[in-house]
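The values are calculated or read from the model by the stated rules, or taken from the named source; none is laboratory data. Please read these numbers as outputs of a predicted model, since none were measured by experiment. Quick reminder, even Gly has a Cβ in these numbers, built from the backbone with ideal geometry, and neighbours come from all protein chains shown. Please note that ligands, DNA and RNA were not included when accessible areas were found on the heavy atoms of the full protein model with its side chains. Shrake-Rupley method; radii C 1.70, N 1.55, O 1.52, S 1.80 Å.
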Amino acid sequence: MRGYRGGYLPLERREIERDLRSGRLRGVVSTNALETRNRRRQPGCALLAAYPGTIASTWQRAGRAGRRQGTSAAVLIASSAPLDQFMVQNPEYFFGRSPEHGYVNPDNLLILLNHLKCAAFELPLRDDENFGTLDLRRLCQHLEETGFLHHTQDGWHWLSESYPRRHQPALRLSDNFVIVDNTHEPRVIGETDFTSALTTLHEKAIYIQDGVQYHVERLDYDDRKAYVHQVDSEYFTDAISYTKIKILETFDSAPTGAAQKNHGEVQVNTQVVGFKKIKFYTMENIGSGELTLPEQEMHTTAFWLTLPRAMMESLPYNSTERLDGVNGLANAPRRYCHPARRCATLVIWEPPWAKTSNWR
């Protein structure tokens with residue numbers, strides 16, 4: 001049995017894939033990064049630990065087994081989360097619906113301009129071409145002013161020396177952190193994406209790779225390196241983070257029942273402020289520590305509901321039950337927000353003990 005995830009070194013990942021195809025490796029504990037490529041031999045069973053969150057993701061992970069021929073099995077092991085319990089108690093909901101659809105707004109100016117860059121890179125754009133009802137010439141003139149296109153009698157030609165993809169906005173932060181093992185001679189054992197590094201490779205964290213435990217000695221934030229050494233620990237670490245959300249602009253709003261629905265631009269600030277030490281097997285909290293990692297900032301769009309204080313006070317529940325209900329309400333629309341939209345889902349309400357609106 002081996003572990004597998006995207007942070008493993010490429011040669012190590014290829015080795016695991018070869019052993020799985022050949023039959024030398026009987027099982028892999030993996031994230032959804034696993035792709036065995038060769039379809040001649042596939043795992044016969046896929047065990048899914050908890051519901052992935054969408055029907056599409058569930059089928060995608062179940063498809064790791066039995067792609068070629070013969071009988072295969074996929075087993076979903078539900079967690080105690082409410083959504084997991086709903087799925088296992090109402091299987092007709094899962095099997096009776098199609099996977100979620102991905103949506104894109106072709107009139108979004110940022111998306112449209114990047115589409116035009118890719119199109120011009122493949123073939124010059126003619127002056128008489130159209131893209132829906134938009135003024136293609138005006139958009140091409142903008143790309144010419146910014147140095148991407150050049151206009152001739154034949155049309156609009158790609159001018160930049162690099163590929164269009166280099167100019168597209170990244171969907172995630174770049175600059176992966178490299179993990180260096182200093183137990184003996186320094187050697188690189190893997191890498192982790194920027195966001196995950198702050199929660200798994202902070203100083204004093206227990207980092208686990210392929211069943212081996214490492215203690216993080218130092219996190220070099222500027223050079224994107226984490227220095228670790230092997231240990232035999234009785235606990236693992238769990239990072240503590242907080243998130244602040246600030247409304248920058250409200251695009252539109254409308255009443256919906258007793259509440260107000262809103263859509264706009266927000267600023268999301270996230271920071272890892274500490275960690276807990278959790279003992280293996282018993283899950284006891286045996287300690288904690290403080291961290292001072294840099295705060296991360298992201299601008300995105302959000303949908304939120306504003307619940308009037310009078311409505312909250314009229315509910316026949318205590319304050320704890322009201323808070324639980326609001327948290328559940330915030331989780332419901334978030335489950336149906338497609339990742340490609342990169343949106344946040346919020347619920348704002350005014351409890352009796354506060355003078356200003358509170359975010360959850």
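General remarks:
- For the chain, the carbon plus sulfur part of the accessible surface works out to 51%, probe radius 1.4 Å.
- Convex hull volume of the stretch 146-288 per residue (C-alpha atoms, cubic angstrom): 243 Å³
- Overall form of the stretch 251-298 per C-alpha gyration tensor (a/c, 1.5; a/b vs b/c): oblate
- Placing unit charges on each Cβ (+1 for Lys and Arg, -1 for Asp and Glu) gives the chain a dipole about its Cα centre, and among ASN105, ALA62, GLN209 the Cα reaching farthest toward its positive end belongs to ALA62.
- Nearest-20 debye value, the chain charge dipole, Cβ charges on Lys, Arg, Asp, Glu: 1420 debye
- Between GLN260, ASN318, PRO10, the Cα set farthest toward the positive side of the dipole of the chain (charges on each charged residue's Cβ, about the Cα centre) is that of PRO10.
- Averaging Cα coordinates gives a centre for the stretch 92-153 and one for the stretch 238-289; these two points are 34 Å apart.
- Pairs of alpha carbons in the stretch 68-171 whose separation is greater than 16 Å (percent): 69 percent
- In the stretch 276-330, the inverse of the mean reciprocal separation of distinct Cα atoms equals 15.9 Å; this is its Kirkwood hydrodynamic radius.
- Neighbour count of at most 16 Cβ within 10 Å plus DSSP loop: longest GluC sites (Glu not before Pro)-free window in the chain: 296-360
- For the stretch 177-245: rounded, prolate or oblate by the Cα gyration tensor [a/c cutoff 1.5]: oblate
- The alpha-carbon positions of the stretch 222-270 define a convex hull whose volume is 151 Å³ per residue.
- Normalised size of the stretch 54-117, defined as Cα radius of gyration per 2.2 N^0.38 Å with N residues, equals 1.64.
- For chymotrypsin sites (Phe, Trp or Tyr not before Pro), the sites in the stretch 67-166 that DSSP calls loop and that have at most 14 other Cβ atoms within 10 Å are TYR103.
- Size of the stretch 1-124 as Cα extents on the principal axes (Å, biggest first): 51, 41, 29
- Note that the chain carries a Kirkwood radius of 25.0 Å, evaluated over its alpha carbons pair by pair.
- For trypsin sites (Lys or Arg not before Pro), the sites in the stretch 120-151 that DSSP calls loop and that have at most 13 other Cβ atoms within 10 Å are ARG126.
- A Förster distance of 25 Å, applied to the separation of the beta-carbon atoms of LEU248 and GLU129, puts the FRET efficiency at 0.10.
- Positive dipole terminus of the chain, leading residue within GLY287, TYR242, ALA120 (C-beta point charges): GLY287
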